[in-house]
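A.B. asks: Right, I'll just put the structure down here and ask away after.
The values are calculated or read from the model by the stated rules, or taken from the named source; none is laboratory data. Since we're looking at a predicted model, the values are computed, not measured. Here Cβ is always computed from backbone atoms with ideal geometry, including for glycine, and neighbour counts include all displayed protein chains. Accessible surface is based on the protein model in full, side chains and every heavy atom, while ligands, DNA and RNA are left aside. Shrake-Rupley method; radii C 1.70, N 1.55, O 1.52, S 1.80 Å.
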Amino acid sequence: MSLRAEIQLSEDERRELIDTERVVGVGSFGPRGWPHLMPLWYVPRDGEVWIYTYAKSQKVRNLERDPRATLLIETGHEYSELRGVMVEVEAEIHRDIETVFPLGEELTLRYADGIDSLEGDAREALKAQAAKRVAVRFRALRTATWDHRKLGGAY
């Protein structure tokens, strides 16, 4: 068996990593053809990554032009602790408020400590913001994973 195969994350481990980490690096193609990398908060949904961002942002303009992107979620400090997932994806941009607002609410609740619901003025403010935002679903085409903890200190 190859070393590459030995350090792959299982499907459950991949989902756990996506569900528990907080930042995804999104690489899209910028207007001059160079990679445009941005760290973003995200919402995991059924093993997929969704983002909530300004409709006029550079990353959205890039994805409108070319929906291909690469995502990176990683963790670990020392080499022996590194684990991650890199996913080649195709972006689906959603502009309808029925998709955008619930995602914005989900993102807010995921990252706001101690808050489990949005009510009143806070909810209305988020709904007003949603009109200027989009929801982006990243549909996986190819995935690579690694978990250096499985090496047991041998490289």
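A.B. asks: Select the helices (runs of 4 or more DSSP H) contained entirely in region 1-101, then report the ones holding at least 2 residues which are among the polar types (S, T, N, Q).
C.D. replies: It comes to 58-65.
A.B. asks: Tell me which of these L141 doesn't satisfy, since it passes every other one: (1) touching a helix residue (DSSP H, G or I) at 6+ places or on another chain (Cβ under 8 Å); (2) in a strand (DSSP E or B).
C.D. replies: (1)
A.B. asks: Ok, one more. Condition (residue is of a type in the set (A, V, I, L, M), within 24 Å of I73 (Cα to Cα) and touching a Ser or Thr at 6+ places or on another chain (Cβ under 9 Å)) applied to region 104-113: is it met by at least one residue?
C.D. replies: Scanning region 104-113 turns up at least one residue that is of a type in the set (A, V, I, L, M), within 24 Å of I73 (Cα to Cα) and touching a Ser or Thr at 6+ places or on another chain (Cβ under 9 Å).
A.B. asks: Also, I was wondering about something else. Hey, does region 60-70 have a residue that's small (G, A, S) and more than 17 Å from the chain's Cα centre (by Cα)?
C.D. replies: No.
A.B. asks: Given E74, E98, which one is at pLDDT 95 or above and within 19 Å of the chain's Cα centre (by Cα)?
C.D. replies: After applying the criteria, what remains is E74.
A.B. asks: Considering each residue of region 107-155, count those that are exposed (fewer than 12 other Cβ atoms within 10 Å of the Cβ), acidic (D, E) and under 30 Å from I7 (Cα atoms), and give that number.
C.D. replies: 0
A.B. asks: Same structure again: Here are some conditions: (1) within 19 Å of E81 (Cα to Cα); (2) more than 13 Å from the chain's Cα centre (by Cα); (3) of a type in the set (S, T, Y). T20 meets all but one. Which one does it not meet?
C.D. replies: It fails just one condition, (2).
A.B. asks: Are any residues in region 60-106 under 18 Å from V134 (Cα atoms), open to solvent by 20 Å² or more (accessible area, probe 1.4 Å) and either touching a residue at least 60 places away in the same chain (Cβ under 8 Å) or of a type in the set (A, V, I, L, M) (or both), and if so, which ones?
C.D. replies: I93, I97, E106
A.B. asks: To continue, here is another question. Based on this model, can you work out whether A128 counts as free of Cβ contacts under 8 Å to residues at least 40 places away in the same chain, more than 11 Å from Y52 (Cβ to Cβ) and either among the small types (G, A, S) or assigned to a loop (DSSP other than H, G, I, E, B) (or both)?
C.D. replies: Details: free of Cβ contacts under 8 Å to residues at least 40 places away in the same chain: yes; more than 11 Å from Y52 (Cβ to Cβ): yes; either among the small types (G, A, S) or assigned to a loop (DSSP other than H, G, I, E, B) (or both): yes.
When the stated conditions are applied, A128 passes them.
A.B. asks: Something else now. Based on what the data block shows, is L37 farther than 17 Å from L103 by Cα and either touching a residue at least 40 places away in the same chain (Cβ under 8 Å) or over 14 Å from the mean Cα position of the chain (by Cα) (or both)? Please lay out each step first, then the result.
C.D. replies: Details: farther than 17 Å from L103 by Cα: yes; either touching a residue at least 40 places away in the same chain (Cβ under 8 Å) or over 14 Å from the mean Cα position of the chain (by Cα) (or both): no.
When the stated conditions are applied, L37 does not pass them.
A.B. asks: Can we say Y42 is open to solvent by less than 50 Å² (accessible area, probe 1.4 Å) and modelled with pLDDT of 95 or more?
C.D. replies: yes
A.B. asks: The conditions are (1) more than 12 Å from the chain's Cα centre (by Cα); (2) open to solvent by 40 Å² or more (accessible area, probe 1.4 Å); (3) closer than 24 Å to A128 by Cα, and L3 fails exactly one of them. Which is it?
C.D. replies: (3)
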